[in-house]
Amino acid sequence: MAIVKMFIREPKPPTEEEIRKFREKAAIELAKLEDFDDSSIIYDEDCPKQTDEELAKFKRVNWSQAKEKLTANG
């Protein structure tokens, strides 16, 4: 039987240069969203286009917390 040793290294925090580059790329991607053309998306009665008011009501969900709630109410 073979023994395998694994060493897990803790990742190093990003450098200031890496953070700057990430922020630049993120700004570029966000700017692309401003001009996003959704005309190629096909909406129907099962999946209608959401209004701004409907979109504002969406909330983030943490799956592990939601799963706990669902199984507790089971």
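Every number here is computed from the coordinates shown, using simple stated rules; none is lab data. This one's a predicted model, so the numbers in the text were calculated from it and none came from an experiment. Please note: Cβ atoms are built from the backbone with ideal geometry, for glycine as well, and neighbour counts cover all protein chains shown.
I need the shape label for the chain. Rule: rounded when a/c is under 1.5, else prolate if a/b > b/c, else oblate, with a, b, c from the alpha carbon gyration tensor. Judged from the Cα gyration tensor, the chain comes out oblate (a/c at least 1.5, b/c at or above a/b). When the trypsin sites (Lys or Arg not before Pro) in region 5-49 are filtered for DSSP coil states and for at most 14 other beta-carbon atoms within 10 Å of their beta-carbon, the remaining sites are LYS5, ARG9, LYS49. Only helices enter the 222 nm calculation for the chain: every DSSP H run of n ≥ 4 contributes -39,500 (n - 2.57), and dividing by all residues gives -14500 deg cm²/dmol, rounded to 500. Looking at the chain, the chymotrypsin sites (Phe, Trp or Tyr not before Pro) that sit in a DSSP loop and have at most 11 other Cβ atoms within 10 Å of their own Cβ are PHE7, PHE36, TYR43, PHE58. Computed from Cα positions, the angle between helix 63-73 and the longest principal axis of the chain comes to roughly 80 degrees.
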